[in-house]
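Here's the structure we're looking at; comments come further down.
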Amino acid sequence: MLEILITNDDGFEAEGIHALAAFAKKLGRVTVVAPKVEQSGKSHAIDFKNELEIKKIDFPEADEAYYVDSTPADCVRFAVIGLKRKYDLVLSGINRGVNLGIDISYSGTAGAIFEAGRLGMRGIALSTYPDTLAEALPHLDGVYSFLTENRLFDLTPIYNVNIPPSPKGTVITKQGSPYFSDEFVHLHGDMYMQMGGKIPDVCPEDMSRDTVALEAGYISVMPLSTTRTDMKVFEKLRELGI
């Protein structure tokens, strides 16, 4: 039986996390540790400057559950460091909104998985379009089977997965270009809000890019890495004796 940790960035009351925990119950024992309130866009941030409210809660789909008044990464940290446990698998989501391209650097959903990888655990970030959660749920078994039957966790421990409605298949992808535009919109007085709309990938014919594959109707499975070192540049500089 697997020990499974579930988290998200939409908060512990979000529909997606309850659906994901219900799915995970088929695989093993489920612990949920999720943010008290929505933490979208918080990336891999943690809060080590302030007191954190952490409360055990009722969560019908889980064996044990807590909310943490902080980020998704802090939820993973509490589940491991605070509860003094390791998990066989960490699942983050299901996010109400896709996490694609360069924009995943902002994603709290992905941030939780980066923290899982940093702590030596396997993890999958799962996302779908805001209004297609029900259509994504039947494909969770297939996504998990794709990862395990192809022994993808032997290659890298963490993956980012986006599920479209009525997928045509599953493809391995790489990071595409930004998925959303950026704009500061003046509201009134001194108040602004960041807003943006969807933009096409700069290489729209390249199905190996997560942004392109998802738009074409395929489940995107992208391997991730916790390192920020550009190894090609590092090795080149070493060859040059720099």
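Computing Rg and the Kirkwood Rh from the Cα coordinates of region 113-198 gives a ratio, Rg/Rh, of 1.10. In region 151-242, which trypsin sites (Lys or Arg not before Pro) fall in coil by DSSP and have 10 or fewer other Cβ atoms within 10 Å? Filter output for region 151-242: 151, 228.
Eigenvalues of the alpha-carbon gyration tensor of region 55-111, scaled by 5 and square-rooted, set the equivalent ellipsoid semi-axes at 23, 13, 11 angstrom, largest first. Residues 128, 229, 170, 109 in ascending order of nearby Cβ atoms (within 10 Å, fewest first): 229, 170, 128, 109.
Counting charges near residue 197 (Lys, Arg +1; Asp, Glu -1) among other residues having Cβ under 13 Å from its Cβ returns a value of -2.
Modelled label positions at residue 13 and residue 239, each set 7 Å beyond Cα in the direction of Cβ, lie 5.6 nm from each other.
Ranking 93, 70, 172 by Cα position along the charge dipole of the chain, where only Lys, Arg, Asp and Glu carry charges on their C-beta atoms, puts 172 farthest toward the positive end.
The distance linking region 93-108 with region 1-27 is 17 Å (Cα centroid to Cα centroid, whole angstrom).
For the residues 94, 124, 102, a GNM of the chain with alpha-carbon springs under 10 Å puts the largest fluctuation on 102.
Within the P(r) computed for the chain, what percentage of the Cα pairs occupies the region above 30 Å? So the portion of pairs separated by more than 30 Å is 26 percent. By DSSP, the beta bridges lying fully in the chain are antiparallel in about 30 percent of cases. A Gaussian network model of the chain, with springs between Cα atoms under 10 Å, assigns the largest mean-square fluctuation among 153, 184, 59 to 184. Looking at region 35-81, the chymotrypsin sites (Phe, Trp or Tyr not before Pro) that sit in a DSSP loop and have at most 13 other Cβ atoms within 10 Å of their own Cβ are 48. A simple spin-label model places pseudo-atoms 7 Å from Cα toward Cβ; at residue 134 and residue 166 they are separated by 1.5 nm. Estimated from helices alone, the mean residue ellipticity of the chain at 222 nm is -6000 deg cm²/dmol (sum of -39500 (n - 2.57) over DSSP H runs with n ≥ 4, per residue).
Over region 156-242, the hull volume per residue, using the convex hull of the C-alpha atoms, is 178 Å³. The relative contact order of the chain comes to 17 percent, based on Cα pairs under 8 Å that sit 6 or more residues apart.
Charge tally for residue 79 (other residues, Cβ to Cβ under 11 Å; Lys, Arg +1; Asp, Glu -1): 0. Each of residue 149 and residue 184 was given a label point 7 Å from its Cα along the Cα-to-Cβ line. The distance between the two points is 5.0 nm.
Within the straight-line cut-off of under 16 Å between alpha carbons, the lysines reachable from residue 36 are 55, 56, sequence neighbours fewer than 8 places apart in one chain being disregarded.
A simple charge model with +1 on the Cβ of Lys and Arg, -1 on the Cβ of Asp and Glu and nothing else charged puts the dipole of the chain at about 840 debye relative to its Cα centre.
Any read-out appearing in this document is the output of simple, stated calculations on the displayed coordinates, not a laboratory observation. Just so it is clear, the structure is predicted and the values come from calculations on it, not from any experiment. Positions of Cβ are backbone-derived with ideal geometry, glycine not excepted, and every protein chain shown enters the neighbour counts.
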